[in-house]
Each structure stands twice: as structure tokens, then as C-alpha cells.
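Right, one structure below, let's go through it.
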């Protein structure tokens, strides 16, 4: 009996010592080491890839897209459609993702795709004017008309064939922070006119914030909308 109790006590003691050692290693030393390495070598990414304005205030993350809309007449009216603020570069569309029903005072970032196929609403494999309301074809057609109307100016007319796909379709997550250089360039004349800037100056802003393919061959060239609009704000306030 004494041997049995002694063996049990030794096993419990060994287990507690192992628990203590592993808790210190895995729960304290390892997290601190990983955090220290991340802060030392990848400080920007470890802190959320924050973007700051010229005053040093954090305005968002380069990893998450933002909307640039005019304030609603009634902030509590969920039915009122948001209208884009045309003085800013606009991101990809992000719709059909639901709404916040828990606390309607706040607008949540909801990630997800519409799950509609490319031929949703198409007739004979092609989108037509008869596409049913709420279908992907109808949404793309309406978005295309809006892009043409919003970005056409007195001196620059947007043609339907000039509208890139990312201007009228959302990304898989709905939170894509980037747009194609083609969509950014399409918006240059409108942004220049709205902000009373020279077109060449806005063109340079877009060129300066265009990122090429990763390692020269992966992905596509892109423009981060938040970074571009932050630079645009700095120019308009200077």
C-alpha cells in the first residue's frame, strides 16, 4: 500500500513538474520569442500593416478595403443606398454580404462572396438587358452604367469597353484593398476634376502607388486604394 501511494505521488509530482515546465516554455518563452522576432524583423506586418496619414494618425490597414461614400441623410436608414464620394478613388464593389442585425448602431465588416456563378442571369451564355433583378448579370450591368456615369467628365468620356472587370465585380472576400491599374487610371480625370488638380499630377499619384507582380511573375499589378487616397488627401491639403 505504501509503495502504491508513493508511486502515485511520484507520478503526480512528475506530471505537475512537466506541466509547469511546458507552461513556461510554450506559454511564456515561445510566445515572447515569436513576438520579439516578429517585432524586430516584420514590425509593420506584425502590427497590422497600418497606414498612417501625414499627421501620423492611423487611417486603416493596407490589408482591408474601405468604402468612400457620402454620409447618409439618415444614418439609421438601412434602406438608403450609399452614394460614392466622387472626390476619392473608389474600391471594388462589395455587396450582397448581409447586414448587422445584432447592433444596428455599428456597421460590421462582413467577409464573403455572393456565390453567384459567372452566368447567373445570362441567356444563352450571355448577359442581356433582360437579366432578372438581383442576378449577377443585372448587378454587373448596373455597376457598369454607374462607373461610366460617375467617371465621365466634360473632357473625358468613359467607353463601356474601358471598364475593367474589377470595377463591376466584388472580390471573393469582399474586402479586397486593391484595384487594377486600369480601374485606377479610369478614375483619374474624375478625381482631378473633383479636387481641382492637374490630371498629370493625379496620374503621377497613381503611378507612384502601382505595385508590380510579386517577384516579377506572381499575381497582377495592383493599386492599394487606401494608400492612394491617403496620398491624395496629403496633396489636396498641402
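Please treat every number below as a calculation from the coordinates, not as lab data. No experiment lies behind these values; they were computed from the predicted model shown. Here the Cβ positions follow ideal geometry from the backbone for every residue, glycine too, while neighbour counts run over all protein chains shown.
Taking 0.36 nm per residue of separation and subtracting the Cα-Cα distance, full extension of the segment from residue 233 to residue 17 would add 71.9 nm. Among 201, 92, sorting on how many other beta-carbon atoms sit within 10 Å of each Cβ, with the fewest leading, yields 201, 92. Label sites at residue 85 and residue 63, each approximated as a point 7 angstrom past Cα along Cα to Cβ, lie 2.5 nm apart. Set the Förster radius R0 to 35 Å, insert the Cβ-Cβ distance between residue 153 and residue 54 as r into 1/(1 + (r/R0)^6), and round the FRET efficiency to 0.05. The calculated FRET efficiency here is 0.80.
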